[in-house]
Amino acid sequence: MVSIEKLELMYKNNFIEKLVLTSWEPLLNKDILKYIEMGVKYWSKVALVTSGDEILLRESFLEKLLKVGLSEIMFSLEWPEKIHDYLVQYKWAYKIIMKSLYELSLLKKKYNFSLVVNTNINLINYKFLPKFIIKILVYFKVDIYHLQWLEYLWNAVKNFSRLFAPYSKLLYYINNDSELLKYKDKLKFGRVPYCVLNKNLHSCVTLTNYDIFDGEDFFNYMNEKVVLPQCEKCTKLGECELFYKYYVEKFGGWEAKPILN
């Protein structure tokens with residue numbers, strides 16, 4: 001994270017509107033409480049993203065975060081458990097998050113804050129995610145469950161076709177889970193190319209941008225889109241990000257509507 005001094009400078013120059021504490025693991029920063037206090041002072045709302053660290057198990061630590069004004073806490077939670085612990089390189093990280101979610105669900109009676117969970121969709125978990133999501137949403141009183149597809153970066157580059165779950169695969173399992181559909185207002189989806197979603201797209205202005213879609217919009221777009229197997233003819237393919245271009249090369253264009261003008 002940037003220094004406290006640099007944060008003050010960024011505030012004075014109006015560089016940011018909301019403070020989100022992230023990086024590899026922001027909880028390892030000894031001044032984490034000071035960062036939150038400063039964020040509350042300057043931006044009112046402060047969010048924190050964590051993959052799970054043993055500091056969360058210290059007595060009353062979660063409550064200390066909320067007392068100084070933390071307004072949102074997001075857990076990066078991979079699934080299944082062994083995948084999460086492997087990715088964050090910490091054996092008990094998954095169990096720590098589960099315990100923290102439980103404690104935070106109890107603290108919701110005392111503090112006003114948002115509880116968010118983020119999970120990457122992959123070929124290992126997509127079939128089982130609907131049931132897992134319901135459990136997290138209901139049992140831990142999670143406000144938002146954010147699902148996102150893998151990025152074409154780092155280790156994912158070499159193993160992309162072995163890890164990446166095509167968009168329609170997850171949609172099939174979600175659409176056939178009547179219980180999960182009751183909670184779609186709590187779902188958000190990220191890293192979805194616009195050309196996959198929007199059948200009326202005629203411009204490349206937003207094609208290369210990531211966006212976050214509310215659950216309702218995502219289902220509407222995916223269920224109504226026109227499927228054309230001709231992305232290779234798209235006039236904007238040369239401008240497409242590697243993530244999308246590689247998707248087309250590996251999976252074909254059967255999910256996306258190309259831009260032909």
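What follows is calculated from the coordinates using simple rules that are stated; it is not laboratory data. This structure is a prediction, so every number in the text was calculated from the model and none was measured. Because the Cβ atoms are built from the backbone with ideal geometry, glycine has one as well, and the counts that use them run over all protein chains shown.
Couple of notes before you dig in:
- The number of residues in the range 39-56 being in contact with a helix residue (DSSP H, G or I) (Cβ under 6 Å, 6 or more places away or on another chain) and in a helix (DSSP H, G or I) comes to 3.
To keep it simple, each residue is scored yes or no on (1) on the phi < 0 side of the Ramachandran plot; (2) over 18 Å from the mean Cα position of the chain (by Cα); (3) surrounded by fewer than 16 Cβ atoms within 10 Å (Cβ to Cβ).
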residue	(1), (2), (3)
Leu33	yes, yes, no
Ile36	yes, yes, no
Val46	yes, no, no
Ser60	no, yes, yes
Val68	yes, yes, no
Glu72	yes, no, no
Glu81	yes, no, yes
Asp85	yes, no, no
Ile96	yes, yes, no
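- Members of the range 114-131 that are surrounded by 16 or more Cβ atoms within 10 Å (Cβ to Cβ) and either touching a Cys at 6+ places or on another chain (Cβ under 9 Å) or closer than 16 Å to Lys188 by Cβ (or both): Leu115, Val116, Val117, Asn118, Thr119, Asn120, Ile121, Leu129, Pro130
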